[in-house]
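The values are calculated or read from the model by the stated rules, or taken from the named source; none is laboratory data. Values in this document were obtained by computation on a predicted structure and should not be read as measured data. A quick note on method: Cβ atoms are made from the backbone with ideal geometry, for glycine too, and the neighbour counts reach across all protein chains shown. The protein model used for the area step is the full one, side chains on, heavy atoms only, and it has no ligands, DNA or RNA in it. Shrake-Rupley method; radii C 1.70, N 1.55, O 1.52, S 1.80 Å.
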Amino acid sequence: MGSEYEKGKVEKSIFIRFAAAAGLNFQSVEKQSPEEGKPDLKCMTDGKVIYFELTEACSEDVAKAISHPKSINCNDLSAEKSTDKSTATSSSTTNYPSDTDIKDYTSETYKKKINKRYSVSEPIDLLIYNVGRTLLTDDVLVNNVKALAKDNKGPFRKVWYFGEHVTEL
């Protein structure tokens, strides 16, 4: 994504759109330094500090296709190539993978995020946002992460998904 400054601008913009869609009453938002072990954003919400860690629902396959459109093979997107348990296992009879055959990078990212530790004592919420760089639908991603979040939210008070709609998981 570029420099931390550019990343911060993007994250603040996404957060502002999320807050408006969620009806979140915030007074300020500041980019934080990852080197200091802090989540991405520090917000004042209803007079209280809440941190937000942001992560994009992004498929590595889509990122590769955008960067190198001629180098990706549609069959490489199939979960059958992967042994990871965060992928679906049903088979497809066409050359194009279905939602159940596509690797779920968002669930993999979620598992990494819940194992992170932060150097803040205030509440932290996780915001997973979708700007269209994933092959799976919002419904599939929400259901997959919701199943994981039900048992383990890690250091997060709440887990949010922001795609076509805002969903608390």
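Looking only at segment 20-30, residues that are touching an Asp or Glu at 6+ places or on another chain (Cβ under 9 Å) and either of a type in the set (Asp, Glu) or open to solvent by 60 Å² or more (accessible area, probe 1.4 Å) (or both) come to 2 in all. Within segment 111-140, restricting attention to residues that are of a type in the set (A, V, I, L, M) and in contact with a strand residue (DSSP E or B) (Cβ under 7 Å, 6 or more places away or on another chain), the residue that is nearest to Pro34 (Cα to Cα) is Val120. Among all residue pairs at least 6 apart or on different chains, which show Cβ distances below 6 Å where the first residue, located in segment 114-142, is part of a helix (DSSP H, G or I) and the second is open to solvent by 70 Å² or more (accessible area, probe 1.4 Å) and modelled with pLDDT under 95? Listed by first residue and then by second, the contacts come to Asp138/Glu164. Residues being surrounded by 17 or more Cβ atoms within 10 Å (Cβ to Cβ), more than 17 Å from the chain's Cα centre (by Cα) and part of a loop (DSSP other than H, G, I, E, B) are entirely absent from segment 1-19.
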